[in-house]
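Reviewing the structure listed below.
The values are calculated or read from the model by the stated rules, or taken from the named source; none is laboratory data. This one's a predicted model, so the numbers in the text were calculated from it and none came from an experiment. Positions of Cβ are generated from backbone atoms using ideal geometry, with glycine treated the same way; all protein chains shown enter the neighbour counts.
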Amino acid sequence: MTSSAMLQPEPAPIVACTISRDVQNFDLLIEDMEAELGESWGDLGFNDALTFLDQEEAQGLEFVAIAVDSQDEQDLSLISNLITAAKSAQIKVILIADDVSPVALHKLLRLGADDFIPYPLPENELHEAVERLRKKAELNAVADTPTIEETQTVLKATNDHSGVVLPVHGLAGGTGATTFAVNLAWELATVEKKNPPRVCLLDLDLQFGSASTFLDLPRRDAVYEMLTDTDSMDSDSFMHSLLTYNDKLHVLTAPAEILPLDLVSPEDIDKIIETARTNFDYVVIDMPSTLVAWTEAVLNQAHVYFSMVELDMRSAQNALRMVRALKAEQLPYEKMRFVLNRGPKFTDIAGKTRVKRMAESLDINIEVQLPDGGKQIVQANDHGQPLGEHAPKSPLRKEIHKLAMSLHKHNLAESTGS
């Protein structure tokens with residue numbers, strides 16, 4: 001005889017939960033959770049979730065998706081407790097935010113949310129976030145610790161330097177700002193053999209920074225932790241956040257995940273740059289192309305602010321708008337040094353005439369012209385090597401080397417007063 005109980009299908013195990021004031025306010029989240037997990041997910045209110053996360057049943061959860069909107073900011077302490085409880089139970093947290101202020105978002109992210117998605121949810125974004133969490137879990141399970149140890153800087157904090165700050169800002173997409181920043185930093189780090197300067201490269205493009213890719217360095221959670229808790233950062237913890245390339249160039253990579261550019265405040269950036277300055281001779285900064293609240297902080301700390309352009313209308317218009325914006329805010333626009341990438345060849349008279357007309361029409365000086373790096377640039381970046389190692393005879397590498405030599409000689413002359 002067959003028992004009727006044997007005919008009942010076993011309920012699907014719950015592997016994830018949404019946590020919100022009212023999940024019906026997040027209908028797109030409901031659809032994406034069903035598409036991703038079928039019936040293997042549940043929904044909890046804020047108060048119920050706090051009780052549930054302390055129970056043994058919660059141990060089987062893969063992740064929780066905490067959905068908040070502007071009305072929830074008054075319950076920020078409760079939501080903070082939820083994130084803390086989930087992290088204590090070793091449950092991954094995906095934060096879904098709809099019209100939440102940057103201050104509130106910053107506070108919640110600092111508590112350790114593993115991923116962040118704006119609402120309304122972009123297509124497939126929840127699926128990609130879940131895949132990122134699973135991939136990270138797999139990588140942690142088979143963590144290749146020697147790789148981190150090999151790239152972990154062993155340089156000690158000295159707090160006795162007064163480094164030169166050299167931001168690089170691409171005024172249009174694809175102008176080669178990151179390539180220039182990475183290679184300028186490398187050339188400065190190797191400008192002398194006997195007594196090389198200490199050089200730090202800060203990748204402050206928090207969303208799409210690729211300095212780590214161009215140097216084949218891993219991205220680390222320590223960067224995110226440092227960015228979200230600069231109040232407790234000191235020189236030792238800052239140095240611990242850096243990775244080193246060939247024991248010569250020290251790099252603060254961009255975070256592993258895409259983060260809001262306003263995650264950090266001008267005060268955070270000031271402290272990071274000042275800490276770098278006191279421990280390195282040169283601080284090269286790869287900036288996001290977007291102007292943000294802390295761009296002013298970088299500009300004020302900069303000794304020279306390299307602005308990358310190309311010989312086209314978009315670069316000309318953006319350069320004009322940039323200068324006007326800085327003048328309108330009475331910021332030190334005179335620190336800007338325009339660098340023309342993919343400049344005309346020596347024999348290209350027409351091209352040189354166009355460069356001259358562009359500079360005159362914008363009332364700027366284009367002080368550095370870089371040749372087109374061609375395929376060697378793509379190959380060097382894909383191999384994770386600076387041009388000085390991958391293609392030392394490249395015309396582009398030679399020009400960047402000349403610039404690094406000029407900067408270093410000028411800095412030495414300034415420091416010695418000669």
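Reported count of residues in segment 180-211, each being within 24 Å of Ser237 (Cβ to Cβ), within 10 Å of the chain's Cα centre (by Cα) and either in a helix (DSSP H, G or I) or polar (S, T, N, Q) (or both), is 2.
When the residues of segment 392-405 are filtered to those that are closer than 15 Å to Phe180 by Cβ and free of Cβ contacts under 8 Å to residues at least 24 places away in the same chain, the one that is surrounded by the most Cβ atoms within 10 Å (Cβ to Cβ) is Ser394.
Kindly check whether there is at least one residue in segment 309-329 that is out of contact with any Lys or Arg (no Cβ under 7 Å at 6 or more places or on another chain), outside any helix (DSSP H, G or I) and under 26 Å from Ala297 (Cα atoms). For segment 309-329, residues out of contact with any Lys or Arg (no Cβ under 7 Å at 6 or more places or on another chain), outside any helix (DSSP H, G or I) and under 26 Å from Ala297 (Cα atoms): present. When the helices (runs of 4 or more DSSP H) confined to segment 347-391 are screened for residues that are of a type outside the set (Val, Ile, Thr) and over 18 Å from Phe180 (Cβ atoms), those reaching at least 1 such residues are found at 349-362. In segment 376-385, of all residues being surrounded by fewer than 19 Cβ atoms within 10 Å (Cβ to Cβ) and in contact (Cβ under 8 Å) with a residue 12 or more places away in the chain, the one that is nearest to the chain's Cα centre (by Cα) corresponds to Gly384. Screening Gly373, Gly388 for residues that are crowded, with 17+ Cβ neighbours inside 10 Å and at pLDDT below 90 leaves exactly one candidate, Gly373. Residues in segment 91-103 that are farther than 18 Å from Tyr224 by Cβ and not β-branched (Val, Ile, Thr) were compared, and the one that is modelled with the highest pLDDT is Asp98. Selection over segment 292-303 of residues that are small (Gly, Ala, Ser) and either at pLDDT 95 or above or assigned to a helix (DSSP H, G or I) (or both) gives a count of 2. Return yes or no: is Gln379 polar (S, T, N, Q) and closer than 30 Å to Asp216 by Cα? In short, yes.
Yes/no per residue for (1) surrounded by 14 or more Cβ atoms within 10 Å (Cβ to Cβ); (2) in contact with a helix residue (DSSP H, G or I) (Cβ under 6 Å, 6 or more places away or on another chain); (3) modelled with pLDDT of 90 or more:
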residue: Thr158; (1), (2), (3): no, no, no
residue: Leu166; (1), (2), (3): yes, no, yes
residue: Leu171; (1), (2), (3): yes, yes, yes
residue: Leu201; (1), (2), (3): yes, yes, yes
residue: Phe214; (1), (2), (3): yes, yes, yes
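Each residue in segment 79-134 was checked for being in contact with a Phe, Trp or Tyr (Cβ under 7 Å, 6 or more places away or on another chain) and among the charged types (D, E, K, R), and 2 of them qualify.
Regarding Leu412, is this residue crowded, with 19+ Cβ neighbours inside 10 Å, aliphatic (A, V, I, L, M) and in a helix (DSSP H, G or I)? Considered against the rule, which asks whether it is crowded, with 19+ Cβ neighbours inside 10 Å, aliphatic (A, V, I, L, M) and in a helix (DSSP H, G or I), Leu412 comes out as no. On the given criteria, is Arg342 among the charged types (D, E, K, R) and part of a helix (DSSP H, G or I)? Considered against the rule, which asks whether it is among the charged types (D, E, K, R) and part of a helix (DSSP H, G or I), Arg342 comes out as no.
Residues that are farther than 26 Å from Ala113 by Cα number at least 3 in the following helices (runs of 4 or more DSSP H) confined to segment 217-291: 266-277.
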